[in-house]
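S.K.: One structure follows; several queries about it will come next.
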Amino acid sequence: MPTLCCNGIDLHVVRAGQGPRLLYCNGSGATLAAVPWLLNRLAERFDVVAFDYRGMGASAPISEPYAMADAAADVAGLLDALGWEHTVMLGWSFGGMVAQEFAVSFPERLERLALLSTSPGGAFPSFRLDTLADLPQQQRAARSLQLLDQRWTPEWLAAHPADAALAKRIGGGESAGLSESQQRGWCFQLQARKDHDVLERLGKITCPTFVANGRCDGIAPVANGEAIVARVPRASLHSYAGGHAFFEQDASAWPDVIASLGG
């Protein structure tokens, strides 16, 4: 299913694996082409569906900014196109913001929710990635790495090859190499991310919600997860060793994430 029309937008979609139904929402600047390592792990336990956001990756280009509510409506449209009345959902980083907006807008459609390395906005925002745009490329790349994990200096990465490999794999959301339309979509995504604020609506989320953060994350600190859990009635808080991709750094994290999703 390479393309599905969802909420009037043609989205690039992939589906893999068998098991409970799971919808995965990707991080800032990331496309499906960048995360096969993660989708393959999910497909070991789930019937997983993932997609490129509007204007991103292989989805249709866009010409106007959008709000997080539009991204949530795209998700609802995707579920309709799949014929899924309900789903389990996993959102990482920006995907966790989309998942929160979806969960407060369509709580009846979620069975379980996992929010990884994300923020509710308002008084607890994620780091403003758009503020890095004017930095020189080398400085921007170094700053992006230390936001992903505050320990990731050149010296740390030289001494920790596993973290160095992870840093190379997940990168820092760089826009180099994108087409003009993809650059525009990436800028619109950063704008929607900047304006994200679901803080005072989190009480509308009714499903069991697993909230997890890395203790060295400079983008979505543990305090932001605490703010979510304080407002979601059936939420549980978990913190792990590592940064924005803690589930690849702390061996105890991935089994916890999978269990929370019913896999």
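The values are calculated or read from the model by the stated rules, or taken from the named source; none is laboratory data. From a predicted model like this one, the values you see are computed outputs, not experimental measurements. All Cβ positions, even for glycine, are placed from backbone atoms using ideal geometry, and neighbour counts span all protein chains on display.
S.K.: crowded, with 20+ Cβ neighbours inside 10 Å and either farther than 23 Å from residue 190 by Cα or over 14 Å from the mean Cα position of the chain (by Cα) (or both): is that true of residue 48 in this structure? It would help to see each step written out before you state the result.
M.R.: Working: crowded, with 20+ Cβ neighbours inside 10 Å: yes; either farther than 23 Å from residue 190 by Cα or over 14 Å from the mean Cα position of the chain (by Cα) (or both): yes.
Considered against the rule, which asks whether it is crowded, with 20+ Cβ neighbours inside 10 Å and either farther than 23 Å from residue 190 by Cα or over 14 Å from the mean Cα position of the chain (by Cα) (or both), residue 48 comes out as yes.
S.K.: Within the range 230-257, can you find the residues that are in a helix (DSSP H, G or I) and surrounded by fewer than 20 Cβ atoms within 10 Å (Cβ to Cβ)?
M.R.: Within the range 230-257, 254, 255, 256 meet the criteria.
S.K.: Let me ask another. When the residues of the range 137-154 are filtered to those that are in a helix (DSSP H, G or I) and modelled with pLDDT of 95 or more, which remaining residue is surrounded by the most Cβ atoms within 10 Å (Cβ to Cβ)?
M.R.: The first filter runs over the range 137-154 and keeps only residues in a helix (DSSP H, G or I), leaving 137-148, 154.
Okay, now just the ones that are also modelled with pLDDT of 95 or more, so 147-148.
Values: 147: 21, 148: 27.
Within the range 137-154, the match that is surrounded by the most Cβ atoms within 10 Å (Cβ to Cβ) is 148.
S.K.: Test of understanding: among 260, 252, 239, which residue is touching a helix residue (DSSP H, G or I) at 6+ places or on another chain (Cβ under 8 Å) and of a type in the set (Ser, Thr, Tyr)?
M.R.: 239
S.K.: For residue 135, state whether it is aliphatic (A, V, I, L, M) and over 27 Å from residue 204 (Cβ atoms). Don't jump to the end; show me each part of the working.
M.R.: Details: aliphatic (A, V, I, L, M): yes; over 27 Å from residue 204 (Cβ atoms): yes.
In short, yes.
S.K.: Continuing with the same structure: For the range 1-47, which residues satisfy the criterion of being under 16 Å from residue 254 (Cβ atoms), assigned to a strand (DSSP E or B) and among the hydrophobic types (A, V, I, L, M, F, W, C)?
M.R.: 22
S.K.: Please state which one of 203, 225, 185 is within 19 Å of residue 115 (Cβ to Cβ), over 15 Å from the mean Cα position of the chain (by Cα), part of a helix (DSSP H, G or I) and not hydrophobic (A, V, I, L, M, F, W, C). Please lay out each step first, then the result.
M.R.: Working: 225 fails: over 15 Å from the mean Cα position of the chain (by Cα); 185 fails: within 19 Å of residue 115 (Cβ to Cβ).
Being within 19 Å of residue 115 (Cβ to Cβ), over 15 Å from the mean Cα position of the chain (by Cα), part of a helix (DSSP H, G or I) and not hydrophobic (A, V, I, L, M, F, W, C) holds for just one of 203, 225, 185, which is 203.
S.K.: Which ones in the range 85-114 are surrounded by fewer than 24 Cβ atoms within 10 Å (Cβ to Cβ), among the charged types (D, E, K, R) and part of a helix (DSSP H, G or I)?
M.R.: Those that are surrounded by fewer than 24 Cβ atoms within 10 Å (Cβ to Cβ), among the charged types (D, E, K, R) and part of a helix (DSSP H, G or I): 108, 109.
S.K.: Sticking with this structure for a sec: Among 225, 242, 171, which is the only one that is in contact with a strand residue (DSSP E or B) (Cβ under 8 Å, 6 or more places away or on another chain) and on the phi > 0 side of the Ramachandran plot?
M.R.: On inspection, the qualifying residue turns out to be 242.
S.K.: For residues that are touching a Ser or Thr at 6+ places or on another chain (Cβ under 8 Å) and either among the hydroxyl-bearing types (Ser, Thr, Tyr) or under 17 Å from residue 147 (Cα atoms) (or both), tally how many sit in the range 213-242.
M.R.: Number of matching residues: 11.
S.K.: Does residue 134 satisfy the condition of being more than 26 Å from residue 261 (Cβ to Cβ), among the acidic types (Asp, Glu) and not in a loop (DSSP other than H, G, I, E, B)?
M.R.: no
S.K.: Within the range 58-81, can one find any residue that is closer than 30 Å to residue 165 by Cα, surrounded by 17 or more Cβ atoms within 10 Å (Cβ to Cβ) and in contact with a Pro (Cβ under 7 Å, 6 or more places away or on another chain)? First the steps, then the outcome.
M.R.: Just the residues of the range 58-81 that are closer than 30 Å to residue 165 by Cα, to begin with: 58-59.
From what is left, the residues that are surrounded by 17 or more Cβ atoms within 10 Å (Cβ to Cβ) are 58-59.
When the remaining residues are screened for being in contact with a Pro (Cβ under 7 Å, 6 or more places away or on another chain), the result is none.
Checked the range 58-81: no residue is closer than 30 Å to residue 165 by Cα, surrounded by 17 or more Cβ atoms within 10 Å (Cβ to Cβ) and in contact with a Pro (Cβ under 7 Å, 6 or more places away or on another chain).
S.K.: Go through the range 205-227 and count every residue that is touching a helix residue (DSSP H, G or I) at 6+ places or on another chain (Cβ under 6 Å) and under 24 Å from residue 87 (Cα atoms).
M.R.: Number of matching residues: 5.
S.K.: Out of the residues in the range 164-185 that are closer than 19 Å to residue 11 by Cβ and at pLDDT 90 or above, which is surrounded by the fewest Cβ atoms within 10 Å (Cβ to Cβ)?
M.R.: Result: 184.
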